[in-house]
Amino acid sequence: MKKTILAVVLAGSVLTAQASNVMSDSDKNIGEMVSDSLFENPIGMVSQHPGYCSIFHSWGFIGDSLCSGEHEYHKPDGSKGYIDLYDYSWGQRICSATGAKGENYSQGGETVRGWIEHFWNAPKNNNHNIDAKADPKQAYIIALGVNDTYRKHPVGDVDTDVNLQDFTKNAQTYAGCYAGIIQRIQTIQPNAKIFVVTRPREQNTNEAYNEVVRRMAILFKNVYVIDLYKYAPSYEKGKDFRNQFFLGGHMNAAGYEYTAWMIMTYIDWIIRNNMKDFEQVAFIGTKYQY
């Protein structure tokens, strides 16, 4: 599947986001500027409008606390508490902006291995008894890896840990389980568009996990990378993004809203640069095809 890279001008209201590794014109010589589109940051200008992200009418959001709109609060005794507020999640904010329907297949503390058990194999074991198999969607966003990093789950190797013929034989590593999630989705919705999200830049971000995420777009058809590590503002403590958009260890309402804008802008950019890939979105999940 060919995935082209072209220069794009986003319409509508835009917000400037600082890119972490995109070169400025002053950093490039004349020869490099000829290929300027290669240095484009898909979310260098973050739009508050969904653009072509709105062509999807049903979404599945697969992730952990940051995918669940989780908020940290303080109990009367001073200890911390955590609550998943799905209405505030960036996934539901995307649905609100696009008029689509979406389901949160996510909960605080989730890992790739845990997701398969809690939302696929035994859905009564997740906090809301949600079965990811019950209602296939046109599109999915997968944002998992924070808890895998914290718990030091083995990264594994995409080349050895993924069985393309039988996902039940995948290794129980981040690579094997991440691929297994995609493979399971494709059994219930073969033509679904799947967007995989790298973990943003933080103090303890391990790029080995992000490399696994990036490889998914090479390994599987209909998978696209939203690379927040490369293009989003830094989430590190003391940086502007964290000061504005975090409440303790999780985002606040504005942070989840801004994340929705970033993801919609990025997906709009992906679609604009791969229009042929998305020309039959309306037929996903139906008996029709062109």
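Please report the carbon-and-sulfur percent of the accessible area for the range 191-290; probe 1.4 Å, protein heavy atoms only, DNA, RNA and ligands left out.
For the range 191-290, the apolar C and S fraction of the accessible surface comes to 50 percent.
With runs of 4+ DSSP H residues as the only contributors, calculate the mean residue ellipticity of the chain at 222 nm using -39,500 (n - 2.57) per run, divided by the residue total and rounded to the nearest 500.
Working: 10 runs with 86 residues, N = 290.
Result for the chain, helices only: -8000 deg cm²/dmol.
With the alpha-carbon atoms as the only input, what is the per residue convex hull volume for the chain in Å³? Mind dumping the intermediate values first?
Working: hull volume 42.4 nm³, N = 290.
Hull volume normalised by residue count: 146 Å³.
Keeping all protein chains in the complex and leaving out DNA, RNA and ligands, what accessible area do you get for residue 247 with a 1.4 Å probe, in Å² to the nearest 10?
Here the residue's solvent-accessible area equals roughly 90 Å².
Can you tell me how much longer the chain between residue 133 and residue 87 gets when fully stretched, taken as 0.36 nm per residue apart minus their C-alpha distance, in nm with one decimal?
The span from residue 133 to residue 87 would gain 14.4 nm if fully extended.
Taking the simple approach of a point 7 Å from Cα along Cα-to-Cβ for both residue 204 and residue 187, what is their distance in nm?
Output for this residue pair reads 3.3 nm.
Hey, can you rank 122-130, 192-200 by average C-beta count inside 10 Å, highest first?
Highest to lowest by the protection proxy: 192-200, 122-130.
Take the alpha-carbon centre of the range 157-194, take the same for the range 220-240, and report the distance between them in whole Å.
So the separation of the two Cα centres works out to 22 Å.
Starting from the Cα-Cα distance between residue 218 and residue 237, subtract it from 0.36 nm times their residue separation and give me the gain in nm to one decimal. Show your work: numbers first, answer last.
Values: separation 19, 0.36 × 19 = 6.84 nm, distance 3.26 nm.
Taking residue 218 through residue 237 to full extension adds about 3.6 nm, to one decimal.
Can you bin the range 153-290 into rounded, prolate or oblate? Criterion: square roots of the alpha carbon gyration tensor eigenvalues sorted a ≥ b ≥ c, rounded for a/c under 1.5, prolate for a/b above b/c, oblate for the rest. Provide the component values of the computation, followed by the final result.
Working: a/c = 2.37, a/b = 1.29, b/c = 1.83.
Verdict is oblate for the range 153-290.
Explain nothing, just compute: Karplus ³J(HN,Hα) = 6.51 cos²θ - 1.76 cosθ + 1.60, θ = phi - 60°, for every residue of the range 275-290 in order, whole Hz, x for Gly and Pro.
Once rounded to whole Hz, the list reads 4, 5, 5, 10, 6, 10, 4, 4, 8, 4, x, 10, 8, 9, 7, 9.
Tell me which residues come under 5 Å, amide H to amide H, from residue 103 once H is placed; ignore anything under 5 positions away on its chain.
59, 60, 61
Check residue 70: other-chain or 5+ apart residues with amide H under 5 Å from its amide H, H built from backbone geometry?
85
Net charge near residue 93: determine it from the other residues with C-beta under 11 Å of the C-beta of residue 93, scoring Lys and Arg +1 and Asp and Glu -1.
-2
Amide H neighbours of residue 226 under 5 Å, at least 5 residues apart or on other chains, H built in the peptide plane: list them.
196, 197, 198
The values are calculated or read from the model by the stated rules, or taken from the named source; none is laboratory data. For clarity, every value in this text was computed on a predicted model and none was experimentally measured. Neighbour counts run over all protein chains shown; Cβ positions are idealised from the backbone, glycine included. Please note that ligands, DNA and RNA were not included when accessible areas were found on the heavy atoms of the full protein model with its side chains. Shrake-Rupley method; radii C 1.70, N 1.55, O 1.52, S 1.80 Å.
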